[in-house]
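A short worksheet on the structure shown next.
The values are calculated or read from the model by the stated rules, or taken from the named source; none is laboratory data. Model, not experiment: these values are computed from the prediction. Ideal geometry is used to build each Cβ from the backbone, glycine not excepted, and the neighbour counts take in all protein chains shown.
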Amino acid sequence: MKQSGAIFLVNGAGKLLLIHPSGKYNRNAPWMPPKEEIESGETPQEAAQRAVVEELHLPPNSYDSVEELGAITYKSKSKMIWCFQARYRGKDNDISLDWENDLYGWFTPVAAREVIKEEFTPLLALLEGAETC
């Protein structure tokens with residue numbers, strides 16, 4: 001089973017940053033937090049933090065207060081994703097998406113339930129008070 005690290009960046013208003021995969025095939029695909037597959041010798045948190053750099057082109061100092069939320073497994077059992085949350089300190093115009101993603105947005109945990117990949121929904125309850133993280 002593949003393993004990845006994902007990170008929910010939370011802004012000062014308690015909204016979560018989610019990204020949408022690009023391409024015609026993904027037009028109706030669900031949104032997700034930035035995530036990257038764990039490389040050899042890397043921890044889940046390091047993979048999640050690498051996702052911020054690679055997918056959003058943000059420096060490591062753009063967020064702080066990283067906390068582990070737990071892990072989810074896709075229904076297909078093809079991937080386990082270790083999830084984290086962090087307080088985002090940057091600005092919207094600091095974000096620059098890589099080619100794999102076409103959109104990003106800030107969602108309340110309640111609004112995120114409508115667009116996020118289903119397997120992530122149990123974690124949204126943990127993020128409802130995230131503005132205080």
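Summary of values
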item: Selection within region 1-30 - under 9 Å from the mean Cα position of the chain (by Cα) and of a type in the set (Phe, Trp, Tyr); result: Phe8
item: Any hit, region 77-95, residues being at pLDDT below 95 and either under 12 Å from the mean Cα position of the chain (by Cα) or on the phi > 0 side of the Ramachandran plot (or both); result: yes
item: Selected residue (criterion: nearest to the chain's Cα centre (by Cα)) from residues of region 96-127 that are in contact (Cβ under 8 Å) with a residue 60 or more places away in the chain and assigned to a loop (DSSP other than H, G, I, E, B); result: Lys117
item: Unique match (being surrounded by 11 or more Cβ atoms within 10 Å (Cβ to Cβ), of a type in the set (Gly, Ala, Ser), in contact with a strand residue (DSSP E or B) (Cβ under 7 Å, 6 or more places away or on another chain) and closer than 18 Å to Ala47 by Cβ) among Ala112, Ala86; result: Ala86
item: Top-ranked residue of region 56-83 - restricted to ones that are of a type in the set (D, E, K, R) and within 24 Å of Glu128 (Cβ to Cβ), ranked as surrounded by the fewest Cβ atoms within 10 Å (Cβ to Cβ); result: Lys75
item: Unique match (being part of a strand (DSSP E or B) and small (Gly, Ala, Ser)) among Ala51, Ala71, Ala29; result: Ala71
item: Candidates Gly70, Gly90 - the one that is in contact with a Ser or Thr (Cβ under 9 Å, 6 or more places away or on another chain) and under 23 Å from Gly14 (Cβ atoms); result: Gly90
item: Flag for Gln45 being more than 23 Å from Thr121 (Cβ to Cβ) and either in contact with a strand residue (DSSP E or B) (Cβ under 8 Å, 6 or more places away or on another chain) or of a type in the set (Asp, Glu) (or both); result: no
item: Flag if Gln49 is in contact with a Leu (Cβ under 8 Å, 6 or more places away or on another chain), at pLDDT 95 or above and not hydroxyl-bearing (Ser, Thr, Tyr); result: no
